[in-house]
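Engineer: Just passing along the structure, written as structure tokens.
What follows is calculated from the coordinates using simple rules that are stated; it is not laboratory data. As the structure is a prediction and not an experimental result, all values here were calculated from the model. Ideal geometry is used to build each Cβ from the backbone, glycine not excepted, and the neighbour counts take in all protein chains shown.
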Amino acid sequence: RFSQNFREVAGRFLVSEVSTHLLVFGMEQRLPPNSELVQAVLRLFQQPLPRAALRRLERSARAQVTIEWLRVRDDGSNRTSLIDSRLVSVHESGWKAFDVTEAVNFWQQLSRPRQPLLLQVSVQSEHLGPGASGAHRLVRFAAQGTAGAARGEPQLELHTLDLKDYGAQGNCDPEAPVTKDTRCCRQEMYLDLQGMKWAENWVLEPPGFLAYECVGSCLQPPKPLTFQWTFLGPRQCIASETASLPMIVTIKEGGRTRPQVVSLPNMRVQKCSCASDGAPVPRGLEP
Amino acid sequence: LTEERVLGSLLQQLHLRQAPVLDRTDVEGLTIPAHLRARYVALLQRSHGDRPRGK
């Protein structure tokens with residue numbers, strides 16, 4: 001404010017009516033080893049409002065409920081990542097479900113020993129500004145240990161698939177022919193660049209490479225699960241990890257030729273996995 | 001992975017519309033400098049995701 005290089009811009013405090021709760025879930029050993037997390041659902045029980053309070057509210061009154069994953073970094077600072085957010089009616093009560101799969105995916109990427117899963121639940125007004133109603137302040141979720149909340153305390157549902165049955169099997173058995181019953185595996189496939197007309201005198205290295213391919217089928221989840229996750233397609237055998245392929249090629253410029261190194265991304269399959277079409281790709285944890 | 005995908009990726013990397021037609025005479029006597037070969041080998045090792053295994 002004392003520098004002439006800066007113009008002072010006054011901020012206006014609009015509204016700060018957020019009620020925030022922190023949920024802590026001890027997660028160690030909750031996820032079975034060699035399992036795939038398909039979905040994590042946070043269930044919060046919205047407590048009913050007293051009739052007197054309901055009468056004073058508009059029927060359309062809603063509140064914005066936001067779930068964030070809270071990470072305490074090694075230096076003690078906090079970082080939050082938005083996980084899910086939705087509007088809930090202030091008039092309704094009962095269980096509200098939030099998709100927190102991404103938070104659990106993030107938590108799984110933490111180095112061990114891992115801190116508990118911290119989920120920050122904030123309840124805000126649907127509209128910000130001077131005219132915002134204070135209806136959101138009436139939204140209450142049952143908390144652990146509160147009287148009468150024994151059945152309504154926050155729950156975290158973890159839906160997993162055992163990869164022993166539902167995953168891929170690694171590399172294919174070179175002795176066994178691939179049939180429709182072969183479990184998803186990585187099969188060797190050599191791509192001979194020397195035999196390709198377009199590569200002649202252009203691709204200097206390599207003469208060919210092991211590209212691999214994913215073959216076979218995947219076990220499908222039982223019917224009740226597929227009913228629950230209607231947005232997911234069938235599990236298919238796909239390349240889940242790939243590597244780049246470096247090449248040395250000839251570059252011709254102005255009648256002169258010179259060699260050049262290039263790197264082609266995703267050319268070699270490193271790992272095959274069973275994955276459902278439509279399943280979100282887990283985001284990597286930022287530092 | 002098909003032959004077309006390799007060709008497509010190569011053309012994209014080099015910003016070309018089609019594969020250049022090169023004669024044998026274009027590459028005769030063309031030597032790969034040591035620093036280029038070293039870079040190629042380093043990329044190859046990185047793409048295999050393992051430590052150098054000697055020659």
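Engineer: So, counting K/R as plus one and D/E as minus one, what does the shell of residues with Cβ under 12 Å around residue A:91 add up to? Each step should come with its number before you reach the end.
Structural biologist: On the way: positive: A:51, A:55, A:56, A:59, A:62; negative: A:58, A:92.
Net of charged neighbours comes to +3.
Engineer: Could you check which residue among A:100, A:121, A:262 shows the biggest mean-square fluctuation in a GNM of chain A with a 10 Å Cα cutoff?
Structural biologist: The residue with the greatest mean-square fluctuation here is A:262.
Engineer: With a 10 Å Cβ neighbour count serving as the proxy for reagent exposure, in which order, fewest first, do A:212, A:166 appear? Working shown, then result.
Structural biologist: Details: A:212 24, A:166 18.
With the sparsest Cβ surroundings first, the list reads A:166, A:212.
Engineer: Each residue of region A:35-42 in turn: what ³J(HN,Hα) in whole Hz from Karplus with 6.51, -1.76, 1.60 and θ = phi - 60°, glycine and Pro shown as x?
Structural biologist: Result, ordered by residue: 10, 10, 6, 8, 7, 10, 10, 9 Hz.
Engineer: Grab the other residues whose beta carbon is less than 10 angstrom from that of residue A:270, score K and R as +1, D and E as -1, and report the net. Kindly include the intermediate steps, with their values, before the conclusion.
Structural biologist: On the way: positive: A:186, A:268, A:271; negative: A:241.
Local net charge: +2.
Engineer: Most exposed first by the Cβ proxy, i.e. fewest other Cβ within 10 Å, how do A:250, A:20 rank?
Structural biologist: Listing A:250, A:20 from fewest to most nearby Cβ atoms yields A:20, A:250.
Engineer: List the lysines whose Cα sits under 26 Å from the Cα of residue A:252, skipping any in the same chain fewer than 8 residues away.
Structural biologist: A:197
Engineer: Moving on. Suppose we keep just the DSSP beta bridges with both residues in chain A; what percent of those would be antiparallel, to 5? Mind dumping the intermediate values first?
Structural biologist: Numbers: 66 of 68 bridges.
Here the share of antiparallel DSSP bridges comes out near 95 percent.
Engineer: Would you please classify the overall shape of chain B from the alpha carbon gyration tensor, given that a ≥ b ≥ c denote the square roots of the eigenvalues, rounded means a/c under 1.5, and beyond that prolate means a/b larger than b/c while oblate covers the rest? If you can, show how the numbers build up before the last one.
Structural biologist: On the way: a/c = 2.63, a/b = 1.29, b/c = 2.04.
Since a/c reaches 1.5 but b/c is at least a/b, the shape of chain B is classed as oblate.
Engineer: Check cross-link reach from residue A:271 to the lysines: straight Cα distance under 22 Å, and skip same-chain residues fewer than eight apart.
Structural biologist: Within the straight-line limit of under 22 Å, residue A:271 reaches these lysines: A:164, A:180.
Engineer: Taking every pair of distinct Cα atoms and averaging 1/r, then inverting, what Kirkwood hydrodynamic radius in Å comes out for the protein assembly as shown?
Structural biologist: Values: mean 1/r = 0.0391 Å⁻¹.
For the protein assembly as shown, the Kirkwood estimate is 25.6 Å.
Engineer: May I ask for the Kirkwood hydrodynamic radius of region A:178-287, worked out over all distinct Cα pairs and given in angstroms to one decimal?
Structural biologist: Values: mean 1/r = 0.0585 Å⁻¹.
Taking every pair of different Cα atoms in region A:178-287, averaging 1/r and inverting gives 17.1 Å.
Engineer: Using a ≥ b ≥ c from the Cα gyration tensor of region A:20-111 (square roots of the eigenvalues), is it rounded, prolate or oblate, where a/c under 1.5 gives rounded and otherwise the larger of a/b and b/c decides, a/b for prolate?
Structural biologist: prolate
Engineer: Counting other beta carbons within 10 Å of each Cβ, put A:107, A:95, A:198 in order, fewest first. Display every interim value, and only then the final one.
Structural biologist: On the way: A:107 23, A:95 11, A:198 17.
In order of increasing Cβ crowding within 10 Å: A:95, A:198, A:107.
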